[in-house]
Amino acid sequence: MILDMLTKDDLPLVLSDEVREAVETGQPVVALESTIITHGMPYPENVATARAVETTVLEHGAVPATIAIIGGRIHVGLGADMLEWLGSAVDVLKLSRADLAYAIAAGRHGSTTVAATMICARLAGIGVFATGGIGGVHRGVEQTMDISADLTEFTRTDVAVVCAGAKALLDLPRTLEYLETEGVPVVGFGTDVFPAFWSRDSGLPTPLRLDTPQAIADMIHMRRRLGLAGGVVVANPVPEADEIAAEQMAAYIAQAVADSKGISGKGLTPFLLGRILELTGGRSLQTNIALVHNNAALAARLAIALGQTP
Ligand code: PSU
Ligand code: MN
């Protein structure tokens, strides 16, 4: 009830001029996360990629809105100087749903994961978000119970997230089962197989398939009309030219998972990504960058389509 009574102005929510104008005039906007910048890629490639991905969104006709918590305020739309600072800063927390209010109340700096970016995008009135890969059920979940809060966020927050599937270092069958149980639509874009981040084919069928941004927009509108809460996973395979074949990735992933013994919690995903970067001699980073651009382009097209549906 109290939340219903709050207006946006009561929140420490700072929209850049470009984003504010776009949201207010109903122009297409694509949210972008910042954990990929602070914990997903090394400096300076992270900053260069963050800026280049914003350009990709612009080139495809939408306004980019990179989201991060800076000094306890939710920034939606970061300038070049802020991106540079964020990408090289060392005291930036990795924030998910559980830590968002803490970071804001305590005036901290934090990057937003998929879950936290969905929450902040919704607060800012943005319904489409592009990332690399969503978090999911980790391998060894029987022992660790490590399931990313990204998955439960889809049951709560109405944002369409364009990703290259979930990172192949996760337990992908269980990740899909979890999403199905929670009633989260997982749509393969132009594909019958669920993509595995660095590779186009996880060997698992994608639960749903749609072939155009407009078809995805129509599905999202229908969900709203039916009163179904929550978001949608749009799984967009990495372009063929940039993929690393699943068989090739399997060995690197097995090695990285073996090396991660003793690492848990928030540190696990960044460790695994970093270890895979080392093991592939940097090739995984090139693939990661390519797939983020591919997702940003589709997200822009989806944001445009969503605006056009009556
Ligand atoms: N995908 C990437 N790089 C990343 C992540 C996803 O290509 O760094 C981040 C996202 O922010 C995602 C988070 O929400 O990893 C998941 O972390 P965890 O498994 O701790 O929930
Ligand atoms: Mn976790």
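Read-outs throughout are calculated quantities, based only on the coordinates presented, and are distinct from any laboratory measurement. Model, not experiment: these values are computed from the prediction. Note: ideal-geometry Cβ built from the backbone for every residue, glycine included; neighbour counts use all protein chains shown.
Remarks
- Seen from Glu240, the other residues with C-beta closer than 13 Å to its C-beta sum to a net charge of -2, counting Lys and Arg as +1 and Asp and Glu as -1.
- Remark: the Cα gyration tensor places the range 99-150 in the oblate category, a/c being 1.5 or greater and a/b not exceeding b/c.
- Fraction of alpha-carbon pairs over 24 Å apart in the range 163-286 - percent: 35
- Spread of Cα-to-Cα distances over 5 Å intervals beginning at zero, given as percent, for the range 102-194: 3, 13, 22, 24, 18, 12, 6, 2, 0, 0
- Least to most buried among Asp171, Asp201 (fewest other Cβ within 10 Å first): Asp201, Asp171
- Counting only aspartates and glutamates at least 8 places from Lys94 when in the same chain, those with an alpha carbon closer than 18 Å to its own are Glu33, Glu84, Asp146, Asp150, Glu153.
- Distance histogram in 10 Å bins (all Cα pairs of the range 2-305, percent per bin): 6, 30, 39, 21, 4, 0
- Build a GNM of the chain with springs between Cα atoms under 10 Å apart, and of Leu298, Leu32, Leu210 the one that fluctuates most is Leu210.
- Using equal-weight Cα scatterers in the Debye expression, the normalised intensity of the range 192-251 in log10 at q = 0.16, 0.29 Å⁻¹ is -0.61, -1.18.
- Pairs of alpha carbons in the range 1-98 whose separation is greater than 15 Å (percent): 63
- Span from the the range 268-310 Cα centroid across to the the range 8-41 one, whole angstrom: 18
- On the basis of the beta-carbon distance and an R0 of 35 Å, Ile263 and Thr212 show a calculated FRET efficiency of 0.25.
- Positive minus negative residues near Leu32 (Lys, Arg vs Asp, Glu; Cβ under 11 Å): -1
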